[in-house]
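The structure appears right after this line, and notes come after that.
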Amino acid sequence: MKITYAGHSTVRLQGTKIIFIDPFFAGNPQAPHGPEKVTKADIIVVTHDHGDHIGDALPICKFTGATLVSQFEIAKEAESVGVKAEGMNIGGAIDVQGVKIAFTEALHSSATGHPMGAVVTMDGKTIYHCGDTGLFTDMKLIGELFKPDLAFVPIGGRFTMDIPQAVRAVEFIGAPIVIPIHYNTWPIIVADPHEFAKKVGKKARVVVLKPAESFEL
Ligand code: NI
Ligand code: MN
């Protein structure tokens with residue numbers, strides 16, 4: 001699975017299918033390009049409907065024909081504007097085009113429905129995108145249940161975990177590879193990903209990606 005970071009919480013997963021999680025391009029100062037450059041996508045996963053997460057999900061779904069997978073209420077709203085959507089909630093996984101998608105708890109807020117983290121399994125590899133969240137001990141349970149090969153963990157503080165909390169999250173989740181997200185987009189969420197990597201130490205391999213950089217999982 002090829003993972004490409006677009007800054008903030010936006011990640012692209014490429015394997016059998018092309019998946020975006022929280023596609024935030026327009027208005028994202030870290031994004032390497034605008035949403036119009038996203039010409040191919042099969043599935044768009046949205047963790048919650050804050051603008052920096054639902055972002056360009058609906059227009060991208062419209063011009064690529066991708067299926068939106070999100071919280072039930074967000075999916076209903078998307079369907080009402082002509083987007084193909086799979087609504088679900090925190091709990092068991094569903095199969096979308098051969099990709100397994102489940103949502104987890106996230107300690108945060110959302111204008112519509114409930115904020116969530118996402119677990120995506122494609123081509124035998126599982127990733128856990130924490131979404132926007134504070135630290136919670138059930139991350140340990142999420143780690144045990146889904147055994148993620150890689151976790152995307154927010155480190156920017158203020159709206160999500162900061163570095164010390166994210167280090168605890170890495171211990172709880174137990175994924176061997178971790179990519180920090182949701183930092184340095186704006187001055188209010190400044191964090192040094194290399195300080196995070198140092199503090200994680202041997203607990204996991206921390207891969208720091210600059211926007212537009214990729215990692216092969
Ligand atoms: Ni948020
Ligand atoms: Mn956010």
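Read-outs throughout are calculated quantities, based only on the coordinates presented, and are distinct from any laboratory measurement. Values in this document were obtained by computation on a predicted structure and should not be read as measured data. Please note: Cβ atoms are built from the backbone with ideal geometry, for glycine as well, and neighbour counts cover all protein chains shown.
Just to be sure, is Ile188 touching a Gly at 6+ places or on another chain (Cβ under 9 Å), hydrophobic (A, V, I, L, M, F, W, C) and free of Cβ contacts under 8 Å to residues at least 40 places away in the same chain?
Against the criterion (touching a Gly at 6+ places or on another chain (Cβ under 9 Å), hydrophobic (A, V, I, L, M, F, W, C) and free of Cβ contacts under 8 Å to residues at least 40 places away in the same chain), Ile188 qualifies.
Residue by residue through region 15-37, note down the ones that are part of a loop (DSSP other than H, G, I, E, B) and over 13 Å from Tyr5 (Cα atoms).
Of everything in region 15-37, those that are part of a loop (DSSP other than H, G, I, E, B) and over 13 Å from Tyr5 (Cα atoms) turn out to be Gly15, Thr16, Lys17, Ala26, Gly27, Pro29, Gly34.
I'd like to know if region 48-64 contains one or more residues that are surrounded by fewer than 19 Cβ atoms within 10 Å (Cβ to Cβ), in a strand (DSSP E or B), free of Cβ contacts under 8 Å to residues at least 40 places away in the same chain and away from ligand 1 (no atom under 16 Å from the Cβ).
No, region 48-64 contains no residue that is surrounded by fewer than 19 Cβ atoms within 10 Å (Cβ to Cβ), in a strand (DSSP E or B), free of Cβ contacts under 8 Å to residues at least 40 places away in the same chain and away from ligand 1 (no atom under 16 Å from the Cβ).
Here are Thr126, Thr104: which of them is among the polar types (S, T, N, Q) and within 16 Å of ligand 1 (Cβ to nearest atom)? Please lay out each step first, then the result.
On the way: Thr126 fails: within 16 Å of ligand 1 (Cβ to nearest atom).
Going through Thr126, Thr104 in turn, just one is among the polar types (S, T, N, Q) and within 16 Å of ligand 1 (Cβ to nearest atom): Thr104.
Can you tell which of Thr47, Thr16 is closer than 24 Å to Leu145 by Cα and in contact with a helix residue (DSSP H, G or I) (Cβ under 6 Å, 6 or more places away or on another chain)?
Result of the check over Thr47, Thr16: Thr47.
Looking only at region 149-165, decide whether some residue is of a type in the set (A, V, I, L, M) and over 17 Å from Thr104 (Cα atoms).
Checked region 149-165: at least one residue is of a type in the set (A, V, I, L, M) and over 17 Å from Thr104 (Cα atoms).
Kindly indicate the residue of region 123-149 that is assigned to a strand (DSSP E or B) and crowded, with 24+ Cβ neighbours inside 10 Å and also farthest from the chain's Cα centre (by Cα) among those meeting that condition.
Ile127
Are any residues in region 80-108 without any contact (Cβ under 8 Å) to a residue 12 or more places away in the chain and more than 19 Å from Ile19 (Cα to Cα), and if so, which ones?
Ser80, Gly92 - these are the residues of region 80-108 that are without any contact (Cβ under 8 Å) to a residue 12 or more places away in the chain and more than 19 Å from Ile19 (Cα to Cα).
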